[in-house]
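In what follows, a structure is listed as structure tokens, so that the remarks can point back to it.
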Amino acid sequence: MMGKRPGEVTQVGGMLGEGVVMEGTLTFTQTFRVDGEFKGKVLRSDRLVVGEKGKVSGELEVNSLVIYGRVEGKALVKGPVEIHPKGRLLGELEMTSPLLTVMDGGFVEGTLRLASARGAEAPTDKKPPQAGGGTGGGK
């Protein structure tokens, strides 16, 4: 018997099966797996797993994201993000923790941003050093 792959889910609370196409808004409190196609919003949800034949497009707000298939759009993820071989992430990814894993063969195209868990922006008032640096004072 083979061991469990990283990111593999042993218990799923809900599922969108292969060949099923759904459009709308999803909210869930357990792991949800998409092997079909979903378009829309996933809001305030726990763990989303996109299977090898799965496709999710739209806006995501989840605690963790595991991609074996394709995700397009904007994703806000509070915890770990795993992109497995053949997994594709196209769009914006905003994370509140630095837990991104892209395995060999995984693909990311778009914008990645690490935001503070408290929603505070990083300070931007620092000025770049002046050319010629140093303290001056000598002739």
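The values are calculated or read from the model by the stated rules, or taken from the named source; none is laboratory data. Computed from a predicted model, the values in this text were never measured in an experiment. All Cβ positions, even for glycine, are placed from backbone atoms using ideal geometry, and neighbour counts span all protein chains on display.
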Residue in segment 13-25 that is modelled with the highest pLDDT, counting only those that are in contact with a Lys or Arg (Cβ under 7 Å, 6 or more places away or on another chain) and surrounded by 13 or more Cβ atoms within 10 Å (Cβ to Cβ): GLU18
Pairs where the first residue, in segment 84-111, is over 19 Å from VAL49 (Cβ atoms) and in contact (Cβ under 8 Å) with a residue 12 or more places away in the chain and the second is of a type in the set (Gly, Ala, Ser) and in a strand (DSSP E or B), C-beta under 9 Å, 6+ apart: GLU92/GLY73; GLU92/ALA75; GLU92/GLY110; GLU94/ALA75; GLU109/GLY91; GLY110/GLY91; THR111/GLY91
Would you mention how many residues in segment 89-114 are more than 12 Å from VAL77 (Cβ to Cβ), among the acidic types (Asp, Glu) and touching a Leu at 6+ places or on another chain (Cβ under 9 Å)? 1
Do we find that VAL42 is under 9 Å from the mean Cα position of the chain (by Cα), of a type in the set (A, V, I, L, M) and part of a strand (DSSP E or B) in this structure? no
Filtered residues of segment 28-51 (kept if farther than 13 Å from LEU16 by Cα and surrounded by fewer than 19 Cβ atoms within 10 Å (Cβ to Cβ)): THR29, GLN30, GLY40, LYS41, LEU43, ARG44, ASP46
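May I ask you to verify whether GLY105 is at pLDDT 95 or above, over 11 Å from the mean Cα position of the chain (by Cα), small (Gly, Ala, Ser) and in a loop (DSSP other than H, G, I, E, B)?
Details: at pLDDT 95 or above: yes; over 11 Å from the mean Cα position of the chain (by Cα): yes; small (Gly, Ala, Ser): yes; in a loop (DSSP other than H, G, I, E, B): yes.
Judged against the criteria, GLY105 is a match.
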What is the one condition in (1) farther than 27 Å from GLN11 by Cβ; (2) of a type outside the set (Val, Ile, Thr); (3) in a strand (DSSP E or B); (4) modelled with pLDDT under 95 that GLY91 does not satisfy? (4)
Pairs returned, first residue in segment 37-51 that is in contact (Cβ under 8 Å) with a residue 40 or more places away in the chain, second residue that is surrounded by fewer than 21 Cβ atoms within 10 Å (Cβ to Cβ), beta-carbon separation under 8 angstrom, 6 or more apart or interchain, are VAL49/GLY7; VAL49/VAL9; VAL49/VAL12; VAL49/THR31; VAL49/ARG33
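Which residue out of VAL62, VAL77, VAL71 is touching a residue at least 12 places away in the same chain (Cβ under 8 Å), of a type in the set (A, V, I, L, M, F, W, C) and more than 14 Å from ARG33 (Cα to Cα)?
Of the residues listed, the single one that is touching a residue at least 12 places away in the same chain (Cβ under 8 Å), of a type in the set (A, V, I, L, M, F, W, C) and more than 14 Å from ARG33 (Cα to Cα) is VAL77.
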Right, VAL49: modelled with pLDDT of 95 or more, touching a Ser or Thr at 6+ places or on another chain (Cβ under 7 Å) and part of a strand (DSSP E or B) or not? yes
So which of ALA115, ALA122 is surrounded by fewer than 10 Cβ atoms within 10 Å (Cβ to Cβ), among the small types (Gly, Ala, Ser) and either modelled with pLDDT under 95 or farther than 24 Å from VAL21 by Cα (or both)? ALA122
